[in-house]
Structure formats: C-alpha cells, structure tokens
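Here's the structure, in structure tokens; my notes come after.
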Amino acid sequence: MNVVLKVSDLAVDFCIGEKIVNSPLRGINLEIRSGETLGIVGETGCGKTLTATAIMGLLPASARPRGRIEFADRGSLEPSSMGSIRGSEITMIFQNPQSAFNPIFTIGSQMRLVAQKRNYAKSEIGSMLNERLSSVGLTDTKRILASYPHQLSGGMLQRCMIAMAMISSPKLLIADEPTTALDATIGDQVLNLIRDLQDREGFAMLFISHDVTAVAKVADYISVIYAGRVVENGPASAVMKSPQHPYTKGLLGAIPSASKPRGTLIAIPGSVPSVLNDVVGCSFAPRCNLATSTCAEEPPTLTVGQQSVTCWMVNS
Amino acid sequence: MLDGELMNELMMQISNLSKTFDVHHGGRTHEFTAVDNVSLSLYKGEVLGVVGESGSGKSTLARCAFGISQPTLGETLILGKSLVGKSVRATRELRSNLGFVFQDPSGSINPRMTVRDAIAEPLQLRSQDRKSIDVRVSFLLDRVGLAENQLRRKSHELSGGQCQRVAIARALSTNPKIVLLDEPTSSLDLSVQAQILNLLEELRRDFELTYLMISHNLDVISHLSDRVAVMKDGRIIELGTTREVIDSPQHPFTRELIRVYSGSETSHEIPADFNLDKWQDGPLNTWAFQHIPAFLPVRKISSSSRPLILSENLDPTLDEVKVGWDVNLRNVGDILKDLHTDSIVMLRSGEVVFEKYFNGMSKTSPHLLQSVSKSILGALYGKVVENGEINPSLTFSHYLPELVSSVYGGATIQQALDMTVSVAFSEDYSDPNSEMARLDEAIGWRTSVSGREIGLRNYLKTLTPNGEHGKFFQYCSANTDALAWLICEVTGRTYQDLISELIWQPMGASGSATISVDREGLSVGNGGISCTTRDLALFGQLLLLMGEQNGQQILPRNWVKQTFDGSSPEVISADYLQALHPGGSYKNQWWITNSAAREIYGVGIYGQYLWLDPSTDTVIAKLSSIPIPVDPTHSRMHVALFRALARINL
C-alpha cells in the first residue's frame with residue numbers, strides 16, 4: 001500500500017533569545033500507509049504532541065525543525081505549502097473537545113465555516129453536515145448544529161469534532177489523545193467510531209496516546225517513544241504480545257488490570273527525564289535494570305521478528 | 001488481604017447520606033442530587049474502592065463522608081463519633097484520624113512551602129516541638145521513598161510522582177487511621193502510577209491503614225481494593241468483594257465498564273432504534289449480524305492456539321471482472337454493493353486472492369452465518385457417524401426418547417440431514433404466524449407473543465408429521481435444531497465444544513466465533529453460528545481438500561465424497577431451487593448444483609454464502625445484510641457472481 005506520511009530524522013530545536021535549546025525530539029522516524037493506523041505511545045514530555053504539531057506545521061515561531069516530512073505524492077512538506085494541506089488533506093482531533101470549539105459560536109456555524117473553506121456549495125452544506133453528523137452516530141442533527149459547545153456532553157462534542165475533521169475527506173487524520181478527557185465507556189465508543197470511519201473512508205491515522213490499552217485497540221502498528229526517540233516499533237499485536245525494549249516491557253508490566261491477579265506491580269524506577277537534559281547514549285539506561293556500561297554509547301536499532309528495537313541489550 | 005478479625009472493627013459508617021445542590025439555570029433554581037441516600041461501612045484494614053464516571057457523585061460522597069463538605073441528609077460516624085454539626089475545633093482530635101490524598105499533587109501542596117514544611121504543617125497545628133517534628137518528617141520522607149536532600153525543595157522542583165509521594169507523607173503525618181485516596185494516580189504517568197500503587201499498598205500494610213479509594217479507573221480500583229462499590233447517578237448500584245464484582249457483575253453498567261477495561265474489541269452499544277422483532281431485516285441487520293453477543297445469549301467457540309495463516313496473493317483486477325446475468329453486464333465491485341455485502345473472501349488453491357470488507361466489518365469481525373451454520377453441523381455429523389457414535393439410519397426416538405411423539409419419532413437422522421422429513425412446518429420468513437416465526441420465538445430471536453416462549457426443547461416436541469418421510473425434499477430449519485440437540489445428547493458434549501474440538505481447532509481457525517443458544521442453553525443449530533469470513537473460507541477449503549489438511553484427516557473422506565455426490569435429484573421439489581439450477585440436490589446440509597462444475601454450497605437468508613467450486617479449487621465466503629430474507633433476483637445474482645469469480649483464470 002502507498003505511504004501517506006513518512007517522517008525522517010525529525011528534530012525540533014527552540015531558539016530562546018540568542019540561545020538554541022536542544023531538541024526534545026532526537027530523530028523521530030515514522031511511516032504510515034493509507035488505511036492504516038500508527039499508534040504512538042509515550043509518557044508525559046516524550047515528544048508525542050510536538051511530533052504531531054511539527055507534522056501539522058503548527059510549531060511556535062521559536063521552533064527550528066530539522067529532518068524531513070514527506071506527505072503522500074507531494075514529497076517533502078514545506079511550511080509554505082502547508083496552508084493548502086492543513087485542515088483539508090491532513091486534519092486533526094484534539095484531547096479536549098470543550099476547548100477545541102469556540103464557546104461563543106454554535107457547532108453548526110463552526111462546521112459551516114470549515115465546509116465553506118473546503119469549497120462546498122452553499123446548497124450542499126446542509127445535507128453534507130447532516131450526513132457527516134449521522135456518520136459519527138449523532139441522530140438529532142438539527143439540535144446539535146444549533147447548540148453551543150457547553151450545551152453538549154464531552155462525548156457528543158468529540159463526535160462533532162471527528163465529523164468536522166471528516167468534512168474534507170482527509171488522507172491523514174491525526175488524533176492526539178482523543179479519548180483521554182472522556183469517561184472510559186464513552187472513550188471506548190469513540191474508539192470504535194474512529195475505527196469504523198477508517199474502514200469506510202480509508203484514511204491513514206496517526207493515533208497519539210499515553211494510554212497503551214487505547215492505542216492497542218485501534219492501531220495496526222505501534223511506535224513507542226521514550227525521551228524523544230522511537231525505541232520500539234512494530235505490528236501492534238507483536239508489540240503488545242512480545243515487547244522487546246526494556247521500557248516497553250516495563251510499561252506493559254506496570255498496567256494494573258481487573259483481569260490480572262493482584263500483587264505488586266512491576267514498576268519502572270525513577271521518572272521520565274526532562275527533555276532539557278543532555279542525553280548521551282541510551283536515555284532509558286538510568287531506569288533500566290539491564291543497563292551496563294555499553295549503554296553510555298548510542299544504541300543500535302535492531303530487528304527482532306517484525307519489530308525494530310533501539311537497544312544494546314536485545315539479541316536480534 | 002483481610003483476615004476475619006480485622007474485618008470486624010468498624011472504622012467508618014456512612015448512613016443514608018445525601019447531598020443536593022441548587023442549580024441556577026435560566027433564572028430558575030432547581031435541586032440537583034449529587035449523592036442519593038448512600039450507606040457504606042468501612043472496616044479496619046480494608047481498601048474500599050468506589051468506581052464511577054465523572055459526575056457519578058463519588059467525590060462528593062467522599063468529601064461528605066470525610067467532613068470536608070456537609071451532607072444535606074444522613075451522617076457519617078468515624079470510630080463511632082459524628083462530625084456533623086460540630087465546630088472544627090471540637091472535632092480536631094477526631095479529624096486527626098483522617099488523611100487525604102488528592103488527584104493533582106502539585107495543586108495540593110502550597111507552592112511556596114518546602115517539602116519539609118508541607119509535611120510538617122499538620123504536625124505544627126498540634127503544637128509539637130520542632131525537634132520531634134523533624135524526626136517525624138525524616139521518617140515519613142524515608143517511608144515514601146524520597147531522599148533527605150529533597151527536604152529543602154519546593155513543589156515545582158519535583159516530578160509528578162515525587163509530589164504525590166510528598167502528598168502521601170503529609171497525609172500520614174498525623175498518624176491517621178483512615179485515608180481518603182481521591183484519584184491518587186490519575187495525573188501520573190503509567191510507569192510512575194505503578195510505583196505509587198505499590199507504595200500505597202506497602203504503607204497500608206505497615207501502618208494498618210484503612211483506605212477509601214475513589215477512581216474512574218476500574219483497573220486501578222480493582223488492583224488495590226478488597227471491596228468495590230460501583231457508583232452511578234449518585235447511587236451505589238453494585239457492592240461486593242472485588243472478585244465478585246469483576247467475575248460476576250450484576251448491573252449492566254458494571255458489565256459495560258468491565259468490558260471496556262478488559263479491552264474486548266466489539267462494542268456492545270446497542271443502536272437506539274434496536275428492536276428484537278426487526279433486527280434480522282435491513283437496515284438494523286447490518287449492525288446486528290456483526291454483534292450477536294450484544295443482544296442474544298451465546299456460547300464461545302474456542303479457536304485454535306496454532307492458527308493457520310492463509311497466504312495472500314491478492315488480485316486487484318477481480319473488482320473489475322464483468323458479471324453477466326439477465327441482459328446486464330456489471331462490475332464485481334458494483335454487484336457487491338447491490339448485494340449489501342458485508343464481507344467477501346475468495347480462495348484459489350488455498351490462497352486469498354480476493355478479500356473485501358464493508359459496513360464496519362474487518363478480518364477479525366465475526367458475522368452471523370444464518371443457515372450456513374447448517375453446513376457446519378453436516379460436517380460434525382460426518383465426524384460422529386464415522387466414529388460410530390451415531391447411526392444415521394436410526395430414528396431420533398432411538399437416541400432422544402423425549403421426541404418420540406413428535407414428527408421426529410418416526411424420522412431417521414439421515415432424513416433430517418437431507419431435509420426429507422415430512423413435517424407440518426412453514427419456512428415462510430415473512431409470515432409472523434408461520435412455524436418458522438414460532439421457532440424464532442422459541443429460541444429468543446424474536447419477542448414472544450404471550451405463552452409462546454417455550455425454548456427449543458419444548459418447541460420441537462410440538463412439531464407433527466405431514467406425510468411419508470424420505471420421499472420429498474422439504475427445507476425445514478427445525479430439523480437442524482433437532483440434530484444439534486441430538487448430537488450433544490449422544491456425545492455428552494456441548495455444541496460449542498464439538499465444533500471447536502472436531503473442526504475449528506484442527507483446521508486452525510483463528511478468529512472469535514460464537515453459537516447462539518436458547519434460554520435453556522440449547523444451541524441454535526439451524527443458523528446461530530457467528531464467525532469471521534476467513535475462518536468460514538478455511539472451513540470451505542477443508543472440504544475441497546477432501547477433509548485432509550497438512551496430512552491430517554480432519555473430516556472423513558467418505559463423508560465429503562458422499563456430500564459432493566448429492567442425493568437423488570428427484571427428491572428435490574423446492575421451486576426456488578429448481579428455478580436456479582434444475583436438477584440440483586441437497587445432501588448432509590449442503591446444496592449441490594447440477595452444473596458440470598458440481599459446485600456445492602451452504603446458504604443462509606439475507607445473503608450468507610459459502611460457495612465451493614472443486615473444478616477450479618475455489619472457495620468463496622460471502623456475508624451480507626440484504627434487507628429482506630429471500631429474494632429470487634438476489635439469489636440469481638449471487639450465483640452469477642460466484643460463477644464469474646470462480647471460473648476466471650488467475
């Protein structure tokens with residue numbers, strides 16, 4: 001299948017005054033094919049959202065991105081060409097639907113604005129919005145279009161946001177923690193909805209979350225990010241069933257579960273390092289129980305089965 | 001875990017507690033009940049977890065119970081004494097038994113205080129001398145896993161996990177007996193959450209603490225708690241030991257919560273317009289056929305631990321193949337759309353050459369097979385007849401005396417397998433008074449008109465003969481249900497185990513599969529199997545391989561041959577079959593065509609097919625949700641489609 005998004009060696013430096021701060025991303029490599037979902041798993045501050053913002057071209061002025069972002073048949077993306085792609089060929093849904101909508105306009109007027117931008121004829125917009133809203137499982141479309149964001153529940157708003165992101169039939173959907181702010185049962189419905197939509201519409205998806213279980217539900221492939229680098233990548237089922245990187249193993253072991261017997265959880269000692277620290281060699285080494293002196297050097301990326309793992313301690 | 005002795009000491013008793021708020025909306029004021037008449041007891045040494053979604057009232061309940069807010073009604077006894085209506089000064093001593101840990105650790109610590117002062121503050125209120133305070137702070141710091149050098153830091157210099165450790169140390173400073181944990185790990189990273197949960201468990205043990213823990217996260221709650229209370233709309237809807245609640249949840253909301261957290265894939269969210277009398281018809285059937293376990297009782301058919309992965313050699317041009325029927329010539333892609341296809345998988349020489357999914361289906365989604373289920377029963381009989389467990393020339397009453405006075409008393413098993421039992425039975429799917437409609441009521445596939453909900457067992461007993469058996473073909477779904485009952489009775493095994501052990505596991509089925517059961521747990525053999533399209537195709541391939549896969553004879557060769565040969569054509573008199581291919585026949589729950597290719601197939605209403613063409617080594621499994629049960633035009637289109645695909649050179 002054709003590659004929709006290819007990110008190579010992405011890093012983002014920040015200029016603060018005269019000073020250039022080290023990039024929190026240390027060479028991110030990703031690839032997504034059409035109809036597929038790549039799930040990015042990582043903890044606070046590992047660079048998940050920064051990666052998404054860099055792809056969308058929404059970085060702050062102080063940012064200096066390096067590396068290559070290639071999109072579909074357009075080749076390398078430049079900031080100048082993003083205006084025509086962002087919001088049409090690449091769309092995004094965010095964590096908090098309450099703050100993603102403007103509180104002083106109705107849902108309908110905000111969605112119509114997007115439709116006009118996408119060159120829908122005035123006469124088609126009404127029926128198109130009805131269709132989009134019913135495709136995300138909302139039936140009372142007339143009331144919803146007339147509502148202000150505060151009049152709808154979080155789950156309904158998230159569905160509206162998804163419908164809005166679908167208006168332009170994007171090639172790539174970036175979903176940044178789309179279920180984190182929702183209750184578990186509502187979040188699960190939203191995940192199922194996103195998957196069904198993808199089956200129907202065939203867009204590629206970059207699904208970002210700290211919630212490993214949510215990612216496992218939707219992703220075909222998983223990339224585990226730690227301190228600004230992809231440390232493990234592979235088919236979702238393989239990564240979940242036989243994680244190779246010590247960090248992935250630790251992360252999966254640390255999840256309590258109603259179906260697992262109780263007892264002491266296997267916790268990773270320490271906490272996620274600050275992105276501002278200079279890291280030499282493997283950034284996970286200080287928390288890793290397998291670490292040796294070798295880990296002070298840049299770890300190689302090895303292939304284990306269908307997974308690629310950036311670690312000294314893995315046997316390929 | 002608790003022992004009986006500890007359990008007896010009551011630490012906190014919440015009785016009939018309610019809390020209402022006045023809500024101002026549009027100039028009017030109305031009352032909102034956040035907590036509605038809740039009673040709970042907390043015993044020494046236990047962890048009681050309260051789980052619920054946002055707005056369920058769990059935090060309000062905790063705040064009222066611990067005296068942070070005043071309840072509207074009811075009260076809480078802490079160690080037998082009430083906090084209600086007394087001044088803070090008067091209850092200071094009592095309150096020192098309580099500790100609090102909240103969700104956002106950086107928000108619950110004064111940003112201008114050092115770690116030392118934050119932990120010491122509650123002690124200073126009790127006017128202890130500086131030296132003993134310092135000793136206590138150092139001790140607590142060590143117990144929560146922080147280093148001495150962190151004493152001088154402020155909260156912004158600490159990580160989230162470290163902040164929560166400080167908050168825990170502060171909560172324990174006054175040596176409380178009961179600690180409230182309100183979402184203690186919700187704002188922490190996963191790897192840090194595990195550290196904090198381990199720490200809380202360790203402290204509970206060492207200091208003999210009693211916890212009331214609040215969280216929206218069922219996994220976190222069930223990890224730490226001895227008992228779980230599930231809260232919804234201000235009420236406790238379920239309360240029990242953690243194992244009881246997790247293993248046998250009673251309330252539908254608890255079940256849904258557990259399903260979500262257990263990571264099971266299919267959503268059981270039932271569409272708002274769902275109707276048990278209409279689910280088989282379009283448009284509801286598109287959702288319903290893929291989600292049978294959401295609304296009907298089912299038993300799981302276990303798949304193989306060593307799945308057979310079909311190799312793929314997809315041919316993208318098959319979408320464009322022209323299909324001729326009547327005067328039209330149309331693309332496969334368009335025909336699939338017209339036939340309300342949910343999925344299609346085509347195997348050529350055992351390789352997947354064509355595979356499409358629609359309407360939310362995927363490789364892993366199970367779909368109801370309707371009467372294609374019958375053809376799987378046929379194969380089960382091939383197996384048990386070969387073993388000598390069942391003699392097909394004997395009558396049903398030989399094995400199932402219960403059926404002696406019904407139509408099956410005098411019919412043989414082979415006659416039922418070949419549908420030549422003569423029975424007073426109308427298989428009219430559109431008539432709500434037909435025997436078929438009553439069969440659907442008996443198995444719970446349709447709501448029962450009063451007095452008719454009798455279960456499969458009793459229903460089959462009511463069927464009566466209509467002539468001589470063995471003479472004419474009469475398609476009757478009840479025959480297959482009687483056969484499914486009989487095979488379980490004789491082998492002493494459940495229907496799901498028979499399918500799993502005799503066919504599904506040996507052939508390497510990998511997807512999830514279920515069989516629908518009636519209220520007594522009897523299997524719906526006539527049409528109740530749901531499985532993935534690929535597993536169905538794999539089953540078809542097994543027949544083309546004459547029952548032998550990788551050197552293992554899974555289905556008896558003789559049975560496969562007998563099935564391909566068909567029965568004598570003269571017993572067939574079903575008009576719609578004759579119109580389709582004159583001279584076709586029916587054997588062992590399979591349809592056999594009379595064309596030179598000698599195709600055999602299983603077919604179910606609303607467009608379910610398993611089509612085998614031995615002349616080109618082709619299997620086509622197609623599952624659909626056509627809005628109406630039977631339509632001759634759709635049937636002809638299906639045959640034209642399958643022949644066009646099966647006969648193409650690849």
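The values are calculated or read from the model by the stated rules, or taken from the named source; none is laboratory data. Just so it is clear, the structure is predicted and the values come from calculations on it, not from any experiment. Glycine also receives a Cβ, built like all others from the backbone with ideal geometry; neighbour counts cover every protein chain displayed. Just so you know, the surface numbers come from the protein's heavy atoms only, side chains and all, with ligands and any DNA or RNA stripped out. Shrake-Rupley method; radii C 1.70, N 1.55, O 1.52, S 1.80 Å.
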Against the conditions (1) crowded, with 22+ Cβ neighbours inside 10 Å; (2) in a helix (DSSP H, G or I), where does B:PRO506 fall short? Just the number, please. (1)
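Mind counting the residues in the stretch B:93-107 that are in a loop (DSSP other than H, G, I, E, B) and without any contact (Cβ under 8 Å) to a residue 60 or more places away in the chain? So that I can check it myself, show each step before the final result.
Keep residues of the stretch B:93-107 that are in a loop (DSSP other than H, G, I, E, B), which gives B:96-97, B:102-107.
If we keep only those that are without any contact (Cβ under 8 Å) to a residue 60 or more places away in the chain as well, we get B:106-107.
Adding up the residues that qualify gives 2.
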Those helices (runs of 4 or more DSSP H) completely within the stretch A:13-100 that have 1 or more residues that are out of contact with any helix residue (DSSP H, G or I) (no Cβ under 9 Å at 6 or more places or on another chain) and within 21 Å of A:ARG195 (Cβ to Cβ) are A:48-56
Exception for A:LEU182 within (1) surrounded by fewer than 21 Cβ atoms within 10 Å (Cβ to Cβ); (2) among the hydrophobic types (A, V, I, L, M, F, W, C); (3) within 14 Å of chain B (Cβ to nearest Cβ); (4) over 23 Å from A:MET56 (Cα atoms) falls at (1)
Out of B:ASP189, B:ASP182, B:ASP206, sole residue that is surrounded by 15 or more Cβ atoms within 10 Å (Cβ to Cβ), of a type in the set (D, E, K, R) and modelled with pLDDT of 90 or more: B:ASP182
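Tally time: how many residues in the stretch B:474-499 are open to solvent by less than 10 Å² (accessible area, probe 1.4 Å) and of a type outside the set (Asp, Glu)? Walk me through it before giving the result.
To start, the set of residues in the stretch B:474-499 that are open to solvent by less than 10 Å² (accessible area, probe 1.4 Å) comprises B:476-487, B:495, B:498-499.
Retained after the next criterion (residues that are of a type outside the set (Asp, Glu)): B:476-480, B:482-487, B:495, B:498-499.
Total meeting the criteria: 14.
What do you reckon, is A:SER237 open to solvent by 60 Å² or more (accessible area, probe 1.4 Å) and modelled with pLDDT under 90?
yes
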Against the conditions (1) within 11 Å of chain A (Cβ to nearest Cβ); (2) part of a loop (DSSP other than H, G, I, E, B); (3) open to solvent by less than 10 Å² (accessible area, probe 1.4 Å), where does B:ILE196 fall short? Just the number, please. (2)
Quick check on B:THR364: is it buried (at least 17 other Cβ atoms within 10 Å of the Cβ) and under 17 Å from B:ALA621 (Cβ atoms)? no
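Of the residues B:PHE32, B:PHE66, which is among the aromatic types (Phe, Trp, Tyr) and within 37 Å of the chain's Cα centre (by Cα)? Walk me through it before giving the result.
On the way: B:PHE66 fails: within 37 Å of the chain's Cα centre (by Cα).
Result: B:PHE32 is the single residue among B:PHE32, B:PHE66 that is among the aromatic types (Phe, Trp, Tyr) and within 37 Å of the chain's Cα centre (by Cα).
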Every residue in the stretch B:270-297 that is in contact with a strand residue (DSSP E or B) (Cβ under 7 Å, 6 or more places away or on another chain) and open to solvent by 60 Å² or more (accessible area, probe 1.4 Å), please. B:PRO297
Considering the stretch B:110-135 alone, what residues qualify as being β-branched (Val, Ile, Thr) and open to solvent by 80 Å² or more (accessible area, probe 1.4 Å)? B:VAL135
Name the single residue that is farthest from the other protein chains (Cβ to nearest Cβ) among those in the stretch A:190-213 being β-branched (Val, Ile, Thr) and in contact with a Gly (Cβ under 7 Å, 6 or more places away or on another chain). A:VAL190
Mind checking which residues of the stretch B:147-164 are in contact (Cβ under 8 Å) with a residue 40 or more places away in the chain, more than 14 Å from B:ALA120 (Cα to Cα) and surrounded by 15 or more Cβ atoms within 10 Å (Cβ to Cβ)? B:SER155, B:LEU158, B:GLY160, B:CYS163, B:GLN164
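Rundown of residues vs (1) more than 26 Å from the chain's Cα centre (by Cα); (2) under 15 Å from B:GLY528 (Cα atoms), yes/no style:
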{"position": "B:GLY333", "(1), (2)": "yes, no"}
{"position": "B:LYS337", "(1), (2)": "yes, no"}
{"position": "B:LYS356", "(1), (2)": "no, no"}
{"position": "B:PRO366", "(1), (2)": "no, yes"}
{"position": "B:GLN370", "(1), (2)": "no, yes"}
{"position": "B:TYR381", "(1), (2)": "yes, no"}
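Could you tell me whether any residue of the stretch A:117-140 is at positive phi, of a type outside the set (S, T, N, Q) and either modelled with pLDDT under 90 or open to solvent by 40 Å² or more (accessible area, probe 1.4 Å) (or both)? Please lay out each step first, then the result.
Residues of the stretch A:117-140 that are at positive phi, as a first pass: A:119, A:137.
Right, trim to of a type outside the set (S, T, N, Q) and you get A:137.
From what is left, the residues that are either modelled with pLDDT under 90 or open to solvent by 40 Å² or more (accessible area, probe 1.4 Å) (or both) are A:137.
Yes - at least one qualifying residue is present in the stretch A:117-140.
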Restricting to the stretch A:83-108, name every residue that is among the aromatic types (Phe, Trp, Tyr), within 25 Å of A:LYS48 (Cβ to Cβ) and more than 14 Å from the chain's Cα centre (by Cα). A:PHE101
Filtered residues of the stretch B:32-70 (kept if aromatic (Phe, Trp, Tyr) and under 23 Å from B:ASP219 (Cα atoms)): B:TYR43
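Taking the stretch A:214-229 as the region of interest, how many residues are within 12 Å of chain B (Cβ to nearest Cβ) and either hydrophobic (A, V, I, L, M, F, W, C) or buried (at least 21 other Cβ atoms within 10 Å of the Cβ) (or both)? First the steps, then the outcome.
In the first step, residues of the stretch A:214-229 are kept if they are within 12 Å of chain B (Cβ to nearest Cβ); the result is A:214-218, A:220, A:224, A:226.
Now drop any that are not either hydrophobic (A, V, I, L, M, F, W, C) or buried (at least 21 other Cβ atoms within 10 Å of the Cβ) (or both), which leaves A:214-218, A:224, A:226.
The number of residues fulfilling the criteria is 7.
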Going by the structure shown, is B:SER262 within 12 Å of chain A (Cβ to nearest Cβ), among the hydroxyl-bearing types (Ser, Thr, Tyr) and free of Cβ contacts under 8 Å to residues at least 40 places away in the same chain? yes
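Just wondering, is there one or more residues in the stretch A:265-282 that are more than 10 Å from chain B (Cβ to nearest Cβ) and at pLDDT 85 or above?
At the first step, the residues of the stretch A:265-282 found to be more than 10 Å from chain B (Cβ to nearest Cβ) are A:275-282.
Filter once more, so that each one left must be at pLDDT 85 or above: A:281-282.
Yes.
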From (1) in contact (Cβ under 8 Å) with a residue 60 or more places away in the chain; (2) within 30 Å of B:GLU201 (Cα to Cα), pick out the condition that doesn't hold for A:LEU265. (1)
Selection count where residues are within 13 Å of another protein chain (Cβ to nearest Cβ) and in contact (Cβ under 8 Å) with a residue 24 or more places away in the chain, scope the stretch B:204-226: 14
Of all residues in the stretch A:82-116, which are open to solvent by 30 Å² or more (accessible area, probe 1.4 Å) and in contact with a Lys or Arg (Cβ under 7 Å, 6 or more places away or on another chain)? A:GLU89
Any residue that is on the phi > 0 side of the Ramachandran plot, open to solvent by 10 Å² or more (accessible area, probe 1.4 Å) and touching a strand residue (DSSP E or B) at 6+ places or on another chain (Cβ under 7 Å) - is there at least one of those in the stretch A:200-208? no
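Could you tell me whether B:ALA147 is of a type in the set (A, V, I, L, M, F, W, C) and either out of contact with any helix residue (DSSP H, G or I) (no Cβ under 7 Å at 6 or more places or on another chain) or at pLDDT below 90 (or both)?
On the way: of a type in the set (A, V, I, L, M, F, W, C): yes; either out of contact with any helix residue (DSSP H, G or I) (no Cβ under 7 Å at 6 or more places or on another chain) or at pLDDT below 90 (or both): yes.
Yes: the conditions hold for B:ALA147.
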